[in-house]
Amino acid sequence: MARINDNYLKLSAGYLFPEISRRVNAFQRSHPGASLIRLGIGDVVLPLPGAVVSAMHDAVDEMGSESGFRGYGPEQGYEFLREAIADNDYRSRGVDIAVDEIFVSDGSKCDSGNIQEIFAGEALVAIPDPVYPVYLDTNVMAGRSGKASEDGSYEGIVYLPCTEDNAFLPEPPQQPVDIVYLCFPNNPTGSVARRTDLESWVAYARDCGAVLLYDSAYEAYISEQDVPHSIFEIEGARDVAIEFRSFSKSAGFTGTRCAYVVVPRSLEGRAADGSAVSLHQLWNRRHCTKFNGVSYPVQAGAAAVYTDQGQREVRERVDYYMANAAHIRRSLSESGLGVYGGVNAPYVWVKTPEGLGSWDFFDHLLESTHVVGTPGAGFGSCGEGYFRLSAFAKAEQVEEAMTRIRTKL
Ligand code: MLT
């Protein structure tokens, strides 16, 4: 028998969302008449924007013609899309990102999971708690942790607790680390980092030589003026940060797949002999070896997001989901529950009623209201006692879910 990667055996449970689906499917089998409302996984429900659809149609027609057919594209993405990204997502905010610092990909889940490959096996990793599980699980798989303890936390990982006391904002650790994962607007808590928060992270990273892995997949949901949209808005960040962005939640690409990573040319890591190495070069090497690029029609669709029509349609979608978030916040707080997030993010982080753990609340909510959410404990031990509701649903479903919660919980 072939030897396996034993690190996989350290993983405490199945990946969170399949585990939720398993429980929900079991519930549905035993309650075939129940009409479920899914506010669990953050998956969009509105169709692709019209501008995206017509650009994709045109691209498919082009690919079906002798003159317009294209085979393999550049692994890093077509220039037309990378130019549009650099102009609209960065230069328009006064941030200078070069086209060749952008790597187009098939999703931020893959990017934020794969990035750890360019760091040493013994790199010390700091991870907020609660957190999007991909950051932690991929480092456990790569052998950067010891065993899991009872509460699901792993030896060898530096956890950054995010609690009510610190407004769910991780603080730089007392010790130096090699890599730090940050996600703002945050999944799952919906918290946001202001400029001064990000400045202290950049100062920390510059001080100890850490790299910040900044997941900004929910950037389109920022509604407040003083919240930076990119880590690169902070002076000095180009030397210490990598940023992940996605078209999934803004333009509805969860099923279509398109995202990108920004790795500045000035960002360096350290080899075993102490010499400085370009992380841009390492990521480019990895990307070209393991990835053949996002399909042309999908990249053409992503580029259409930056047209006037595309921007208008994205805004309509974001506003629609954020109206859901406002409704969830209002309703639950009127029901006496503590609510956080949902202002600059499509997630509402809810304190479970006294004495109920996250998974107990999940079961209770499912059984009494047939509403599906995500137990906070699934995002880490500091998520225990919390519950996440996603605003990615049809408005009438949110309305119905809130009525059921108000009347039946
Ligand atoms: C979530 O529900 O946390 C997201 O859907 C996860 C993801 O984007 O992969």
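The values are calculated or read from the model by the stated rules, or taken from the named source; none is laboratory data. Quick caveat: nothing in here was measured; it's all calculated off a predicted structure. For neighbour counting, all protein chains shown are included, and Cβ atoms are generated from backbone atoms with ideal geometry for every residue, glycine included. Side chains included, ligands, DNA and RNA excluded: accessible areas come from the protein's heavy atoms. Shrake-Rupley method; radii C 1.70, N 1.55, O 1.52, S 1.80 Å.
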Next on the checklist: I need every pair where a residue in region 28-50 that is loosely packed, with under 13 Cβ neighbours inside 10 Å has its Cβ under 9 Å from the Cβ of a residue that is among the β-branched types (Val, Ile, Thr) and outside any loop (DSSP other than H, G, I, E, B), sequence separation at least 6 or different chains.
Outcome noted: Pro47/Val53
Checklist outcome for this item: Selection over region 92-128 where residues are within 16 Å of the ligand (Cβ to nearest atom) and farther than 26 Å from Gly73 by Cβ yields a count of 2
Item to check | Residue within region 5-20 that is within 16 Å of the ligand (Cβ to nearest atom) and more than 22 Å from the chain's Cα centre (by Cα) present | outcome: no
Next on the checklist: I'd like the full set of residues that are surrounded by fewer than 24 Cβ atoms within 10 Å (Cβ to Cβ) and within 16 Å of the ligand (Cβ to nearest atom), limited to region 358-370.
Outcome noted: Ser358
Checklist outcome for this item: Filtering region 129-160 down to residues that are acidic (Asp, Glu) and away from the ligand (no atom under 16 Å from the Cβ) yields Glu150, Asp151, Glu155
Checklist outcome for this item: For region 153-203 the number of residues that are basic (Lys, Arg) and either without any contact (Cβ under 8 Å) to a residue 24 or more places away in the chain or within 26 Å of Lys351 (Cα to Cα) (or both) is 1
Checklist entry - Do we have any residue at all in region 173-192 that's within 26 Å of Asn324 (Cα to Cα), at pLDDT 95 or above, buried (at least 24 other Cβ atoms within 10 Å of the Cβ) and more than 16 Å from the ligand (Cβ to nearest atom)? => result yes
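Results for (1) touching a Lys or Arg at 6+ places or on another chain (Cβ under 8 Å); (2) surrounded by fewer than 20 Cβ atoms within 10 Å (Cβ to Cβ); (3) at pLDDT 95 or above, shown as yes or no for each residue.
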site	(1), (2), (3)
Gly269	no, yes, yes
Asp273	no, yes, yes
Cys288	no, yes, yes
Phe291	no, yes, yes
Gly310	no, no, yes
Val314	no, no, yes
Arg317	no, no, yes
Met322	no, yes, yes
Gly342	yes, no, yes
Checklist outcome for this item: If we ask which residues in region 275-286 are open to solvent by 30 Å² or more (accessible area, probe 1.4 Å) and in contact (Cβ under 8 Å) with a residue 12 or more places away in the chain, their number turns out to be 3
Item to check | Residue satisfying condition, being away from the ligand (no atom under 16 Å from the Cβ) and within 24 Å of Ile328 (Cβ to Cβ), within set Ser54, Ser35, Ser30, Ser65 | outcome: Ser35
Next on the checklist: Give all pairs with beta carbons closer than 9 Å in which a residue from region 7-20 that is without any contact (Cβ under 8 Å) to a residue 12 or more places away in the chain meets a residue that is more than 10 Å from the ligand (Cβ to nearest atom); count only pairs at least 6 apart in sequence or on separate chains.
Outcome noted: Gly14/Arg22
Checklist entry - Of all residues in region 258-267, which are buried (at least 20 other Cβ atoms within 10 Å of the Cβ) and either under 19 Å from the mean Cα position of the chain (by Cα) or among the basic types (Lys, Arg) (or both)? => result Cys258, Ala259, Tyr260, Val261, Val262, Val263
Checklist entry - Can we say Thr374 is more than 16 Å from the ligand (Cβ to nearest atom), crowded, with 21+ Cβ neighbours inside 10 Å and under 26 Å from Pro161 (Cα atoms)? => result no
Checklist entry - Which of (1) of a type in the set (A, V, I, L, M, F, W, C); (2) touching a Cys at 6+ places or on another chain (Cβ under 9 Å); (3) closer than 14 Å to Ile118 by Cα is the odd one out, the single condition Val263 does not satisfy? => result (2)
Checklist outcome for this item: If we keep only residues of region 204-257 that are within 16 Å of the ligand (Cβ to nearest atom) and surrounded by fewer than 20 Cβ atoms within 10 Å (Cβ to Cβ), then the residue nearest to Pro346 (Cα to Cα) is Thr254
